[in-house]
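Encoded as structure tokens, the structure appears first; notes follow it.
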Amino acid sequence: MIHTTFSILSGGLVAGAVYALLAMGLVLIYKATRIPNFAYGGMASFLAFFHYNLVTGRRVSLNLDLLYLHIHGGVTVHLSFWAALPVTLAAAALLGWFIERLIIRPFAKASMVTLIIVTLGLNLLLTAVAEQVFGTKDLVVSNAHAIFSRSPVLSLGGVNFTYERLGVVAIVVVLSAGVWAFFRFTATGLAIRAVATDRDVASLLGVSVRQLSVVSWVTGSMVAAVAGVALASIVISSNPGLLFVLSIKGFAAAIVGGMVSFPIAVAAGFGIGIGEELVRQTIVQHDTKLYTGAPEVLTLGAVIVVLALRPRWIFKGIRDDEDTGITGRGGGSELFLVRWIDPVEAYRLLRAAIPTTSPGLRRTTRGIRIGVVAGLALFAVTFPFLPLPAFWTLPANLTLIYLLVVLSFVVLVGWLGQISVAQGAFLAVGGAGVAVCANTLHLPFPLPILGGVLLSIPVSILIGLPALRLRGLHLVVATLAFGLAAERALLPRFSEGGVRVVLPTYMRSDRALYYFFLAVTVVAFVLAGRMKATRVGRSFFAIRDSETVASAYGIRPVRVKLTGFVVSGAIASLAGSMLTYQLGALNAGYGSVAFSIEWLAYSVVAGITSIAGPIIGALFFGLYPELAKSTVSASNISHIQEIFAAVLLIVIMAVNPEGLASMSRFVRSRASAHEDDDGASDAEDLAAIEAAATAERHLEELPLEADADGDIDAEEAALSGAPS
Amino acid sequence: MTMATDIGAETILAARGLDLRYGRVQILFDVSIDVRRGEFVALLGTNGAGKSTFLKAVSNLSPISSGRVHFEGDDITLLPPDVIAARGLAHVPGGRGSLPDLTVEENLRLGGHLLRSQKGRLAEGMARAFDLFPWMVTRRRQLAGTLSGGEQQMLAIARALVTEPSMLMVDELSLGLAPIIVEELMGVLKTLNGQGITVLVVEQHATLAMEVAERVLFMEKGQVRFSGDGRDLLGREDLLRSVFLGAGH
């Protein structure tokens, strides 16, 4: 009994210390800037890799091969742990400053959803850069390089407490006290507290919001460095994915403290750590296998309960602007890259270069459009008969599956305005449904796919329930916790046991499977496209743009939101069912939170509101990388492409949050708006008014017009310079 | 549009030709307002006339699309709000301007944020604030959110005075307050004005403002419609009707 108590204390305190440390950095940045930093795990991991590479003296090399550009370089530095720490902290400060200056500042007035996607994109960027620079191998901290000695300092009830574990807990306690004192007694700390409550009032008293943003990112990044270094040492073997997962638990702790309260966040971090250890010790005594995913389920439960109860302290600081959806205005044109490649300027130059009002031009653009669509369709239909190398088969089938993944994001995020990073869980659900229907119930071939889709409905409702009360940041954290729980508890039970599904003999040829997938995908797209133009689709847009206005028109948010979650979940689980048949078994990599986030990012880049988005997304981020993977040996994969995609994501969020697919429409509206409006229009209340107006417009579009046709005509009219 | 070339030495604030829009909605139309050093000016007008927006435009909380703002002879048009505050133009925001999660003392300390490296001046400034409203001394550890509306407004004014500004702009002084409290606050502003601080106050309570202010400005639909003595405004039925009936022409 005593042994158990001390053992829970030992394990729980250390895990709790780690969560508290992560929560601390998150709160620090959120308090001053209202930015939920989903890149925190990536920052901590990058800095941990940086630190231990200095300590081990491994050669850090950078090899870039980009078209004609070849950069090869490397350095070998060898420092002791404590000599390297100041270097790491300086690098952390620089990283924080860099991120704030180049990436965050342009988004100062962006909506919460935009900020979430941008920081998720930043996490992808940091992860890819870390892999490019430090390699993809896990970071292993040997005994010689541990932060403190791993020998026991004292033994209580037969449980050893090592210097390392007690040391990390002590660091967290000291750091917490330091941060608390900073907020309590210093002028800067007081200013940050004021900014957290009311940015405008604080700035009227001479508080520089920009300066505080820099201060908080620099110090937040330094806390990330400490967290990363301590964490990597404690867990011995780590990678960016692990740190991201741990940072989600840090988020859970920070959310309990309303993202602004330090003491509550730190206490919640310790609470989650000890709670997890308690669950582990209790379950392990019965059955080790049961333990799989139990801590994540516990965290999920805690997050859901806390958020669902909506205690006053969480929601008192929340302002309306944090709940605005993904459309609306973008980050702004302040991003320095964007100034160079201002799409509005580019459009004007284009307009000037091309003769206006030319019927020939109109015919040409329509011709190009039809040509591209027809070409793609022809390619898709004739693909299996084209003289292409055999390795094209798998990428082609996966591309069809990615099309559905992006479509599921388009429905949920783009149309309904609900942001969820648990889509990967539906791939797992689809796979699990197929496995159960085919192997246990022995249903004949196409039926298990339907089984997967049916199984997704209750799961969708389960995920959708938090969305009935939560929006923006809180919904993302809830779905993150959900995705994590599914990844840890659901996937291993279906993928590790070697659950295999077998296709019937008549489907085993590449061509048969390809055409089957193609047919399913086309049907899903046609149905989704039809839905967009009906009452259901319009009620999605209305909810997205303003829930209040939609309710005033008699739309019931509960029903509409759950419908959206079910439709989106069904599409994703369809993709999961197909994937399971394609690969012969459920693959854990496709059900992870990381997969969900990556594809959410790709979907946003491609165009989250348009039906054309999935096609662009699946071709750029699905077909092309899969082909590259088939031709290049796995060890030689460059992360340049991931880096490029992440940078592209951030730039697109700054220019136009609706993505590539609607770029031309966006540029036109900006160009015409510029003529009477100088872009000085970032007032929050007006964004709300505009959102309400668009919501009303959706509701008034009673005749069932074919949306796409209308768009094309308007586009051509503008391109050919017709007066609007 | 008036050009900002004719600013006299006695003019402390000169806003010329301010246009401001939120998206497609224009709020301010070519608004020009001059305030002389040591003056007590009341800005009156109907709901949505643009009074508060004008103050926000001056302190650059809401960016203007055209026009210039000069303070103490310098162009402050493009400066961020905190830099404008540092130049001695204090803006007490409307509604509950005090920060409810901070204590009374922390609110005042924040008011002295600009003096954070000058301990002596900060202590002096805080002492002045406590002198102005002695009840704050015993309640310095109380959270501002637990104060009454009038007390919060007093705190917001006291907080703005810690740094010894040369001009004080007070938005919606009387919002949600009992008339007797408003009178007291007006008295305080009058006293401050007597000590040499220029005051521009946005008021809904027209008759009281006319009694206290030396000069009255009247705004309607984003434009300045009247500037002069309060008694002359009383004679302008065409303008006042809109105040009392809430309608234009």
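Here are a few things to note about the model shown:
- Projecting the Cα atoms of A:93, A:305, A:146 onto the dipole axis of segment A:2-323, where Lys and Arg carry +1 and Asp and Glu carry -1 at the beta carbon, places A:93 farthest toward the positive end.
- The convex hull built on the alpha-carbon positions of segment A:249-306 has an orientation-averaged projected area of 3.6 nm².
- Peptide ranges A:592-603, A:612-623, A:447-458 listed from the most packed, as the mean C-beta count within 10 angstrom indicates: A:592-603, A:612-623, A:447-458
- ³J(HN,Hα) computed for each position of segment A:533-549 - Karplus, 6.51 cos²θ - 1.76 cosθ + 1.60, integer Hz, glycine/proline x: 8, 9, 3, 4, x, 5, 5, 4, 4, 4, 5, 4, 7, 6, 5, 5, 5
- Taking segment B:98-162 and dividing mean pair separation by its residue count, relative contact order in percent (alpha carbons under 8 Å, at least six apart): 54 percent
- For the residues of B:111-118, the average number of beta carbons from a partner chain within 10 Å of their own beta carbon is 4.
- Residue A:628-residue B:143 FRET efficiency (beta carbon distance; Förster radius 51 Å; 0.05 resolution): 0.30
- In order along segment A:612-621, the phi-based Karplus estimate (6.51 cos²θ - 1.76 cosθ + 1.60, θ = phi - 60°) of 3J(HN,Hα) comes to 7, x, x, 5, 4, x, 5, 6, 6, 9 Hz; Gly and Pro are listed as x.
- Mean separation of Cα pairs under 8 Å and 6 or more residues apart, divided by the residue count, gives chain B a relative contact order of 25 percent.
- Neighbour counts of C-beta atoms inside 10 Å place B:135, A:97 in the sequence B:135, A:97, starting with the fewest.
- The alpha carbons of segment A:402-481 stretch over 42, 23, 16 Å along the principal axes, in descending order.
- Rg then Dmax, both in Å and based on the Cα atoms of segment A:523-567: 10.7, 34.
- Between residue A:390 and residue B:215, the modelled label-to-label distance comes to 9.1 nm, taking each label 7 Å out from Cα in the direction of the beta carbon.
- Cut-off under 5 Å, modelled amide H: who pairs with residue B:43 long-range: B:201, B:202, B:203, B:217
- With N as its number of residues, segment A:541-614 has a Cα radius of gyration that, divided by 2.2 N^0.38 Å, comes to 1.40.
- A compact globular protein would have a Cα radius of gyration near 2.2 N^0.38 Å; the ratio found for segment A:181-221 is 1.07.
- Restricting the calculation to Cα atoms, segment B:185-239 shows an Rg/Rh of 0.99 when the hydrodynamic-style radius is the Kirkwood one.
- For residues of A:191-202, the mean tally of beta carbons on other chains within 10 Å: 5
- Building the convex hull from the alpha-carbon atoms of segment A:2-323 and averaging its projection over directions returns 18.5 nm².
- Considering only B:69, B:170, B:137, the mean-square fluctuation computed in a Gaussian network model of chain B, springs between alpha carbons under 10 angstrom, is largest for B:137.
- Computing FRET efficiency as 1/(1 + (r/R0)^6) for residue B:78 and residue B:234, where r is the C-beta to C-beta distance and R0 is 41 Å, gives about 0.60.
- Ordered from longest to shortest, the equivalent ellipsoid semi-axes for segment A:162-293 are 34, 16, 14 Å, each the square root of 5 times a Cα gyration tensor eigenvalue.
- Over the C-alpha atoms of segment A:523-649, the Rg to Rh ratio, Rh being the Kirkwood estimate, stands at 1.04.
- Residue exposure proxy: B:237, B:183, ordered by other Cβ atoms within 10 angstrom of their Cβ from fewest to most, comes out as B:237, B:183.
- Subset of B:51/B:190; A:31/B:119; A:109/B:56; A:532/A:561 violating a 23 Å alpha-carbon distance limit: A:31/B:119
- Rg ratio (alpha-carbon, reference 2.2 N^0.38 Å) - segment A:82-207: 1.46
- Among B:119, A:532, sorting on how many other beta-carbon atoms sit within 10 Å of each Cβ, with the fewest leading, yields B:119, A:532.
- ³J(HN,Hα), Karplus 6.51/-1.76/1.60, whole Hz, each residue of segment A:411-424, x for Gly, Pro: 4, 6, 8, x, 8, 8, x, 9, 9, 9, 10, 10, 5, x
- Amide H contacts under 5 Å for residue B:62, placed H, 5+ residues apart: B:57
- Cα-derived Rg to Rh of segment B:98-162, Kirkwood definition: 0.94
- Evaluated with a Cβ-only charge set (Lys, Arg +1; Asp, Glu -1), segment A:2-323 carries a dipole of roughly 460 debye about its Cα centre, given to the nearest 20.
- Across all Cα atoms of segment B:134-195, the radius of gyration (one decimal) and Dmax (whole number) stand at 11.9, 31 Å.
- Cut-off under 5 Å, modelled amide H: who pairs with residue B:226 long-range: B:218
Readers should treat all values here as calculations from the given coordinates under stated rules, not as data from a laboratory. Since we're looking at a predicted model, the values are computed, not measured. All Cβ positions, even for glycine, are placed from backbone atoms using ideal geometry, and neighbour counts span all protein chains on display.
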